[in-house]
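Everything on this sheet refers to the single structure shown next.
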Amino acid sequence: MMLWIIVILFQLTSLLFFIGLFNTFFVSSNRLDKRMQLYLSSQDENPLDRKRFNLLVQIQMYNQHLRKGLSLGKNNTRLSQRLHQAGVPLKSEEFTLFQLMSTFLLGGLLFIFSGKVFFFIVGGILGYLYPHLWLNQKQRKRIMKFNDGLPDMITIIVGSLRAGFSFPQSLKSVVEESDAPVREEIDMVLREMQYGASIEDALHHLHERMPSGDLDLMIQAILIQRQVGGNLATVLDTIVQTIRDRNAIQRQVMTLTAQGRLSGTVIGLLPIVLGLVLYFINPEYIGTLFKHPVGMGMMGAGIVSGTIGFILIRKLTSIEV
C-alpha cells in the first residue's frame, strides 16, 4: 500500500513540476496582458523596480533560448499549421515540450509499475506518439466540423448576394451568423483582406488552413466568376446542393462500413491488450516470447501479420466519395 502511495505522489510531483515549467516559460499571455494594462493605465501605484525588471528580462531570455532549442526547423511551420487546423491554442515549441513531458511521464510510470527497462522504452514511445495521435484526432474533427458547416456558410453567402451585398459583406454575415470553426476561419479571411491581402490570396490561405475538397470547389467557383463574370449566387447554389448530396452519400458509406472499421480496431488492439494482461498476471508464462529465439520469431511474425491485416482492413473500409 505504501509503495502505491509513493508512486502516486512521485507522478503527481513530476506532473506539477512540468506544469510549472510549462507555465513559467511558455504560457505568458496572461502576465503580458496584465503588464500591458498596468502600463496603459494612468494609475501607476506599483512601479516596476530595476531588480524585478532585470529578472523579467532574464526569464524572457531563457524563454527565447528554450524556444530556440525546441524549434523543429522546417517542420516548425508545418506543426504550427497542424495546431491551427486542430484549434489547439499552443505554439509548436509548447507542443514539443508537452510531447517530452508525456514521453518521460508515461515511460517512468510503466517503469515503476513493472521494474523493467523494456517497459520504460515502450512507455516512452507511446508517450511520444500519443500527442501526435491526439492532435491528428483534433485536426480531423475540426476539419469535419468545418465541412459540416460549409453548406450553411455558402447558403448565407448566397442569400446575402441575392440581397444586394458584396462578397466581403457576405463574409461578414457569415461571421455574425455561423458557429466555430467556420466563424473563426472566415473572420481570419476578413482580417487578411483588411490588412491588404487580395480576395484570391485570402481564400487560398483559407484552403491551406482547412484542406477540404468542398471548400476548394467553392473557392475555384469564386475565382472563376471574378475572372469571367456571371451570377455567383446561382453557381454557389448549385455547389451547395452538390455538397449536401455528397455529404449524404458519405454518411451512408460510413454507416455501412462501421462494422468493418470496428472489427479492424478490435483485431489490431486485441493481441496487445491480451499480451499486457498475461504479462501482469503471470510474467514467467509469457516471458518465453521475449527470451527464446522461437518466441521472438513468433512475436515478430505476429506483429508484421497483425499490422498488415489492420492496414488492409482500413483500406477496404476507407471509401472516398
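The values are calculated or read from the model by the stated rules, or taken from the named source; none is laboratory data. Remember, it's a predicted structure, so these values are computed and weren't measured experimentally. Please note: Cβ atoms are built from the backbone with ideal geometry, for glycine as well, and neighbour counts cover all protein chains shown. Surface accessibility is based on the protein's heavy atoms, side chains included, excluding ligands, DNA and RNA. Shrake-Rupley method; radii C 1.70, N 1.55, O 1.52, S 1.80 Å.
Brief remarks follow.
- If the condition is being without any contact (Cβ under 8 Å) to a residue 60 or more places away in the chain and open to solvent by 80 Å² or more (accessible area, probe 1.4 Å), then segment 225-244 contributes 226, 227, 228, 231, 238, 241.
- Contacts under 9 angstrom Cβ, first residue in segment 167-178 being more than 16 Å from residue 202 (Cβ to Cβ), partner of a type in the set (Lys, Arg) and surrounded by 15 or more Cβ atoms within 10 Å (Cβ to Cβ), 6 or more apart: 176/183; 177/183
- Conditions (1) under 30 Å from residue 199 (Cα atoms); (2) modelled with pLDDT of 85 or more; (3) among the small types (Gly, Ala, Ser): number failed by residue 229: (2)
- Among the residues of segment 144-165, just one is assigned to a helix (DSSP H, G or I), among the aliphatic types (A, V, I, L, M) and open to solvent by 40 Å² or more (accessible area, probe 1.4 Å), namely 144.
Results for (1) charged (D, E, K, R); (2) open to solvent by 20 Å² or more (accessible area, probe 1.4 Å), shown as yes or no for each residue.
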site	(1), (2)
99	no, no
110	no, yes
122	no, yes
131	no, no
142	yes, yes
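- Residue within segment 279-287 that is open to solvent by less than 60 Å² (accessible area, probe 1.4 Å), closer than 20 Å to residue 153 by Cβ and part of a helix (DSSP H, G or I) present: no
- Odd one out for residue 209 among (1) under 19 Å from residue 235 (Cβ atoms); (2) surrounded by 14 or more Cβ atoms within 10 Å (Cβ to Cβ); (3) of a type in the set (D, E, K, R): (1)
- Test for residue 313: is it open to solvent by 90 Å² or more (accessible area, probe 1.4 Å) and modelled with pLDDT under 85: no
- Residues located in segment 178-200, provided they are surrounded by fewer than 13 Cβ atoms within 10 Å (Cβ to Cβ) and assigned to a helix (DSSP H, G or I): 191, 194
- Yes/no for residue 105 being among the aliphatic types (A, V, I, L, M) and buried (at least 18 other Cβ atoms within 10 Å of the Cβ): no
- For residue 318, the conditions (1) small (Gly, Ala, Ser); (2) under 25 Å from the mean Cα position of the chain (by Cα); (3) under 30 Å from residue 192 (Cβ atoms) are fulfilled apart from (3).
Rundown of residues vs (1) under 18 Å from residue 90 (Cα atoms); (2) part of a helix (DSSP H, G or I); (3) touching a residue at least 24 places away in the same chain (Cβ under 8 Å), yes/no style:
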{"residue": "109", "(1), (2), (3)": "no, yes, yes"}
{"residue": "112", "(1), (2), (3)": "no, yes, yes"}
{"residue": "119", "(1), (2), (3)": "no, yes, no"}
{"residue": "123", "(1), (2), (3)": "no, yes, no"}
{"residue": "128", "(1), (2), (3)": "yes, yes, yes"}
{"residue": "131", "(1), (2), (3)": "yes, yes, yes"}
{"residue": "137", "(1), (2), (3)": "yes, yes, no"}
{"residue": "142", "(1), (2), (3)": "yes, yes, yes"}
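- Residue count for segment 206-252 under the criterion of being under 19 Å from residue 158 (Cα atoms) and either touching a Phe, Trp or Tyr at 6+ places or on another chain (Cβ under 8 Å) or not in a helix (DSSP H, G or I) (or both): the result is 6.
- In segment 292-321, the residues that are more than 16 Å from residue 262 (Cβ to Cβ) form Cβ pairs under 6 Å with partners that are basic (Lys, Arg), at six or more places apart or across chains, as follows: 321/246.
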